[in-house]
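A quick write-up on the structure given underneath.
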């Protein structure tokens, strides 16, 4: 999932956070790594990769949201010399 500029950032962030939660829950409820076969271990690896990618995108969105909030709060400040 990449950031879609036509969709509000808040809902995109919520979807990414949900994806991270689901992925981590899936990995945490999996049997011990010592007890799984190679195929199951590959699935765990892929699930962690999905969570990592979603986390990277969530970080980007949070930074963008913070930057947008800072920019909009700066608009409320009186301009010097105005």
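The values are calculated or read from the model by the stated rules, or taken from the named source; none is laboratory data. Everything quoted here is computed from the prediction, not taken from an experiment. All Cβ positions, even for glycine, are placed from backbone atoms using ideal geometry, and neighbour counts span all protein chains on display.
You will find that of 30, 55, the residue that is touching a helix residue (DSSP H, G or I) at 6+ places or on another chain (Cβ under 8 Å), closer than 23 Å to residue 7 by Cβ, without any contact (Cβ under 8 Å) to a residue 40 or more places away in the chain and surrounded by 11 or more Cβ atoms within 10 Å (Cβ to Cβ) is 55 and no other. Tell me whether the range 8-25 contains one or more residues that are at pLDDT below 95, in a loop (DSSP other than H, G, I, E, B) and out of contact with any strand residue (DSSP E or B) (no Cβ under 6 Å at 6 or more places or on another chain). Within the range 8-25, one or more residues are at pLDDT below 95, in a loop (DSSP other than H, G, I, E, B) and out of contact with any strand residue (DSSP E or B) (no Cβ under 6 Å at 6 or more places or on another chain).
Assigned to a helix (DSSP H, G or I), within 30 Å of residue 6 (Cα to Cα) and free of Cβ contacts under 8 Å to residues at least 24 places away in the same chain: does that describe residue 73? Considered against the rule, which asks whether it is assigned to a helix (DSSP H, G or I), within 30 Å of residue 6 (Cα to Cα) and free of Cβ contacts under 8 Å to residues at least 24 places away in the same chain, residue 73 comes out as yes.
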